[in-house]
Amino acid sequence: MPKRVSTVLGREFGERLREMIARTGMKEAELARRLGWEHAKLSDLVNGKGGTSLEEFAFLLGVCGVKPDEFQYLKGLFLESREKGWLQVYESVLPPHVRTLILHERLAKEIVHWSSLFISGLLQIEPYARALAEDSPFVEDENIWEWVAARTERRGIVAGHKKFVFYLYEPVLHSPVGSDAVLRAQLHELLRMLVRPYITLRVLPAGRALTSDFTLLKFEKYEPVVFEGGLNSALFLDDKASVSLYQDALKMMDRVALGKEESRELITSIVS
C-alpha cells in the first residue's frame, strides 16, 4: 500500500496503534526488527501515513497480542483511514469524538472556535461546565462527573505554544447557566484569560450569527481540519472544499465581529 497524506481518521488510527505498541513494552525500533520491517515503515504507520498491506497489519497485531475486539476496531480504522472526513456516531457519555478532538487540539498550532450557544469548552470553568451538564436532558446524573472531567481536561490544551481565536455570539454573555453567580464567575474568568497574548476573543453582535458552532484546527504538518459536533454525532472534515467553506465563514465573522478591545469592554460592562 503506498504512503498517503495523513487524515483525521488516519491520525486517530495511529494514536490507538501507538497505545497498543506501548502496552507491549517494546520500543518501535525493536518491534520493527521483530516484524522484519524498516523502522521508517512502522513510524509511517503510527503517524497515520499508511504504507502497509492489511496482511502486514494483521501480522503486526498478532505480534503485539491484540485482543479480538481491539483487532476488529483497529482493522476497521485501518481500512477506513484513507478516507477524507470522518462521521462518528455514538451513544456513550464520553463519546469517541472527545478523544479524537483532544488529540487534534494537542497537535494543532492554532485553534479557531465559533460559539453560538455557550462559552467555548476550552474556556469553561468547572461550575459552568457542571451547570451545563446538570441542565442537559442528554446527560444522566450518574454520568455528570465523567462529562465534566472531560471538559476540564480539555482546558489544559490552552497554553502559550498555540494561538487561540474565539468568536463568541453576544447573547451567550447574557444567558445564565446554572445561576447568575456562575455566569458572572465565568465572565470574570474570560477577562482573566484575555490577558494572555496568545488568546483572542471577539464578540459577534446579536443577529449576526452565520452558522452553528464549529472549530477550525490548523497544524504545522497537516492540512486544516474542521470539527462540528451534534447531539449523538461528530463530524471531522479535512477535504479542501469543506474547509475552505468554513474559512470563508470565519472571514465574514471577522468583518462583523467587535474588535478585541471592544469585546473586552463589553464583557467588563456586563460584569461590572
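Per-structure values
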read-out	value
Filter result for Gly178 (under 22 Å from the mean Cα position of the chain (by Cα) and at pLDDT below 90)	no
Residues that are in a helix (DSSP H, G or I), hydrophobic (A, V, I, L, M, F, W, C) and within 19 Å of Asp135 (Cβ to Cβ), drawn from segment 170-193	Val172, Leu173, Ala181, Val182, Leu183, Ala185, Leu187
One residue from Glu153, Glu142 being over 22 Å from the mean Cα position of the chain (by Cα) and loosely packed, with under 14 Cβ neighbours inside 10 Å	Glu142
Meets criteria (assigned by TED's automatic domain parsing to the domain that holds Glu110, under 18 Å from Gly121 (Cα atoms) and surrounded by fewer than 18 Cβ atoms within 10 Å (Cβ to Cβ)) for Arg196	yes
Inter-residue pairs, beta-carbon under 7 Å, first farther than 19 Å from Ala40 by Cβ and in segment 8-30, second of a type in the set (S, T, N, Q) and not in a helix (DSSP H, G or I), 6+ apart	Leu9/Ser81
Scan of segment 51-95 for residues that are among the basic types (Lys, Arg), surrounded by 11 or more Cβ atoms within 10 Å (Cβ to Cβ) and either at pLDDT 75 or above or not in a loop (DSSP other than H, G, I, E, B) (or both), ordered by number	Lys75
From the options Leu201, Leu235, residue that is in contact (Cβ under 8 Å) with a residue 24 or more places away in the chain, over 20 Å from Lys109 (Cα atoms) and either within 13 Å of the chain's Cα centre (by Cα) or part of a strand (DSSP E or B) (or both)	Leu235
Criterion: in contact (Cβ under 8 Å) with a residue 60 or more places away in the chain and not polar (S, T, N, Q) - qualifying residue of Leu117, Leu132	Leu117
Enumeration of residues in segment 31-65 that are in contact (Cβ under 8 Å) with a residue 40 or more places away in the chain and either on the phi > 0 side of the Ramachandran plot or of a type in the set (Val, Ile, Thr) (or both)	Gly48, Gly50, Gly51, Thr52, Gly65
The listed residue being within 19 Å of Gly121 (Cα to Cα), assigned by TED's automatic domain parsing to the domain that holds Ile125 and basic (Lys, Arg), out of Arg255, Arg208, Arg184	Arg184
Matching residues, segment 104-113, being at pLDDT 90 or above and either of a type outside the set (A, V, I, L, M, F, W, C) or farther than 12 Å from Leu217 by Cα (or both)	Lys109, Glu110, His113
Test for Tyr167: is it in contact with a Lys or Arg (Cβ under 9 Å, 6 or more places away or on another chain) and in a loop (DSSP other than H, G, I, E, B)	no
Check on Arg151, in a helix (DSSP H, G or I), at pLDDT below 85 and in the same structural domain as Ser263 (by TED's automatic domain parsing)	yes
Residues satisfying the stated conditions in segment 52-79, i.e. of a type in the set (Gly, Ala, Ser) and either more than 21 Å from Ala29 (Cβ to Cβ) or not assigned by TED's automatic domain parsing to the domain that holds Arg33 (or both)	Ser53, Ala58, Gly76
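The values are calculated or read from the model by the stated rules, or taken from the named source; none is laboratory data. Bear in mind the structure is a predicted one, so any value in this text is a computation, not a measurement. Note that each Cβ is placed from the backbone with ideal geometry, even for glycine, and that neighbours are counted across all protein chains shown.
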